[in-house]
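*Asks:* Have a look at this one before I ask anything.
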Amino acid sequence: MESRNTNEKSFLLLQTEARTGHILKKDQSPYNFSESEEALFTVCDSLDEARKRATDLVRKHPSVEVKILNANREEVAIVRDKKSLQKPSSFAIPKNGTHRWNKFLMAIFAMLAFFIVQKLLGYTIINEVFQRDMMDMADKALLNPQIQQHFTEQMQDLVFAVIVASMLGGLLMGWLTDRVGVRHGLTLSIALWGLSSLTQTLTSSIRGTIISRCVFTLGESGLFSAVVKLVSIWFPKLERAWVLGALMALGSVLFVAMAWLVPWLATAINWRFPYILIGLASLGLAFLIFIFYCNPHEQPEILATELQYIQSDKDARQADLKMTWGQLFAYKQLWGLGIFQFFTQPVQVFALLTLPLFLQSQQADFQGSPYNFNPVFLGLFIFADLGGFFFGWLSSQFYQNSGNVVNARKTVMLICAVLALPALAIPFLNDFTVSVALAALALAAYQGWLVNVYTLASDIFPKNRVGSVVGISSSFGALGVLIWFFVGKNLQITFGYQAFFILFGVACLVAWLLGTALVSKLKRF
């Protein structure tokens, strides 16, 4: 209890709900602002009497805090139950409060569209008809080793361009999402990859493919900034991590469930047809989000109970904190999140390319890739996505029990880092099943890590800067990918698969050890 001296002869007790700040009447019902303010107060003759009454009230009603005011209604002291304040409210879903789940469905469709377009772009790269078209060859011309080598070299240029676009896109699209809001930011992101799909059908060169893929990458950067910002606006801290994990998991699982569709369309009809279909569908989805999305305070007919729940952990000091995009770099928390992404994003990117090749080296009849339907590889995808959901849920449970959201997220991230360590043994094993199991565990840990890193951005920074923070930290990750793109090739030539699996096993732990001290409550260096 904090207090200061006063010479006033009478004191008033003002009762409020401790976690939300909503004012209460004496009967503990929500205060109606049309009623007399005097109904809130209990008059006491002395400060000692006021403190005694306040302590009794808090003991009987742990969720209530009592402010002691003097006769001039200046705050003298606050009495609250410390134990009750440590734990946030449970997963309460207000009756008839479904608007935030409608926004959840919007985000799922956005994630699903993203995964489908991503798969389509990847699949066409290995499609021989596409390769002939890009090389300006006849339909049934033979792709001899020299031509395939030339195509592979040009694909290296594409990968480099995409990584650079990802770095710049994180900086640009994150800032833009904060500038224009979730509605316009999410609409623009989806429209960009819709246009990317349509423009791909018009090109017959590698250069055109590079441009199209870079446009898609800009949309991808904006998508994650907008989705994390959407979750921070529509969900309290207690729900954010598992909601974000569910978004990424459901979108990817739905994509896996229809993984046969894209190859079938591209093979049975023409590789351009899926691009047209998905491009038009993406533009349609962008239009629907533009029409129907709004923020909670703009939502017609939203119940007061749901709005209260969404804003239940609102930090007034954080909400009022104004900072420019450039000022973000003065906060050590941003650099901590950047370190988390810098070390781990290269693993998540190159695991999709390295794991199939390694598994094929262990079992000759294994023909898997991120773009072909293979039960083993798709099983890895599903297990990883379920890991994201589980570790998001786990950090919410830790937060509910401890009351410290940052420590809860970092604790789960440490668990994820430890669970990734067994991946170090994968290149030394001769058992295909055990290798797959360890890879699945590590991928699940990485997905859980990513979900909590994204959620930390919304937990620590004010909502008006969440998009920028997600974008900047993702750019750190893209920088790590760029470095591995150049260094990793030489390491793999020298050390084989061991180089990648060393990174696979220790990246999370190294990132946690280097970055965790920087990630705390918001303050400058």
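The values are calculated or read from the model by the stated rules, or taken from the named source; none is laboratory data. Just so you know, these numbers come straight off a predicted model, no measurement behind them. Neighbour counts run over all protein chains shown; Cβ positions are idealised from the backbone, glycine included.
*Asks:* Quick one: which residue in Leu394, Leu414, Leu419 is in contact with a Phe, Trp or Tyr (Cβ under 6 Å, 6 or more places away or on another chain) and surrounded by fewer than 24 Cβ atoms within 10 Å (Cβ to Cβ)?
*Replies:* Numbers: Leu394 fails: in contact with a Phe, Trp or Tyr (Cβ under 6 Å, 6 or more places away or on another chain); Leu419 fails: in contact with a Phe, Trp or Tyr (Cβ under 6 Å, 6 or more places away or on another chain).
Step by step, each of Leu394, Leu414, Leu419 is checked, and only Leu414 is in contact with a Phe, Trp or Tyr (Cβ under 6 Å, 6 or more places away or on another chain) and surrounded by fewer than 24 Cβ atoms within 10 Å (Cβ to Cβ).
*Asks:* Can I ask one more? Please state which of the following conditions Asp178 fails to meet, knowing it meets all the rest: (1) at pLDDT 70 or above; (2) out of contact with any Lys or Arg (no Cβ under 8 Å at 6 or more places or on another chain).
*Replies:* Exception for Asp178: condition (2).
*Asks:* Follow-up. Return yes when Asn452 is out of contact with any Lys or Arg (no Cβ under 8 Å at 6 or more places or on another chain) and either touching a residue at least 12 places away in the same chain (Cβ under 8 Å) or assigned to a helix (DSSP H, G or I) (or both) and no when it is not. It would help to see each step written out before you state the result.
*Replies:* On the way: out of contact with any Lys or Arg (no Cβ under 8 Å at 6 or more places or on another chain): no; either touching a residue at least 12 places away in the same chain (Cβ under 8 Å) or assigned to a helix (DSSP H, G or I) (or both): yes.
No.
*Asks:* Within region 205-240, which residues are more than 24 Å from Ser166 (Cα to Cα) and either part of a helix (DSSP H, G or I) or of a type in the set (A, V, I, L, M, F, W, C) (or both)?
*Replies:* Answer for region 205-240, where residues must be more than 24 Å from Ser166 (Cα to Cα) and either part of a helix (DSSP H, G or I) or of a type in the set (A, V, I, L, M, F, W, C) (or both): Ile233, Trp234, Phe235, Lys237, Leu238, Glu239, Arg240.
*Asks:* Please tell me if Ser520 is farther than 20 Å from Leu394 by Cβ and outside the structural domain of Gln341 (by TED's automatic domain parsing).
*Replies:* Answer is yes for this residue.
*Asks:* Quick check, is Leu456 under 26 Å from Asp385 (Cβ atoms), within 20 Å of the chain's Cα centre (by Cα), surrounded by fewer than 19 Cβ atoms within 10 Å (Cβ to Cβ) and not aromatic (Phe, Trp, Tyr)?
*Replies:* When the stated conditions are applied, Leu456 does not pass them.
*Asks:* A follow-up question, please. Given the structure, is Leu441 assigned by TED's automatic domain parsing to the domain that holds Glu220 and buried (at least 20 other Cβ atoms within 10 Å of the Cβ)?
*Replies:* The answer is no for Leu441.
*Asks:* Run Asn490 past the list (1) modelled with pLDDT of 95 or more; (2) surrounded by fewer than 16 Cβ atoms within 10 Å (Cβ to Cβ) and report the number of the one that doesn't hold.
*Replies:* Asn490 satisfies every listed condition except (1).
*Asks:* May I ask you to list pairs of residues, at least six apart or on different chains, whose Cβ atoms are under 9 Å apart, with the first in region 227-239 being within 21 Å of Asn404 (Cβ to Cβ) and touching a residue at least 40 places away in the same chain (Cβ under 8 Å) and the second being among the charged types (D, E, K, R) and not in a helix (DSSP H, G or I)?
*Replies:* Pro236/Asp313; Pro236/Lys314; Lys237/Asp313; Leu238/Asp313
*Asks:* OK, next. Is one or more of the residues making up region 304-311 under 30 Å from Gly403 (Cα atoms) and either at pLDDT 90 or above or surrounded by fewer than 13 Cβ atoms within 10 Å (Cβ to Cβ) (or both)? Talk me through it step by step, then tell me what you get.
*Replies:* So the first thing to find is which residues in region 304-311 are under 30 Å from Gly403 (Cα atoms), and the list is 304-311.
Those still in the list that are either at pLDDT 90 or above or surrounded by fewer than 13 Cβ atoms within 10 Å (Cβ to Cβ) (or both) too: 304.
Yes, region 304-311 contains at least one residue that is under 30 Å from Gly403 (Cα atoms) and either at pLDDT 90 or above or surrounded by fewer than 13 Cβ atoms within 10 Å (Cβ to Cβ) (or both).
*Asks:* Right, another one. Quick one: Leu288 ticks every box in (1) loosely packed, with under 15 Cβ neighbours inside 10 Å; (2) among the aliphatic types (A, V, I, L, M); (3) at pLDDT below 90; (4) not in a loop (DSSP other than H, G, I, E, B) bar one, so which box is it?
*Replies:* (3)
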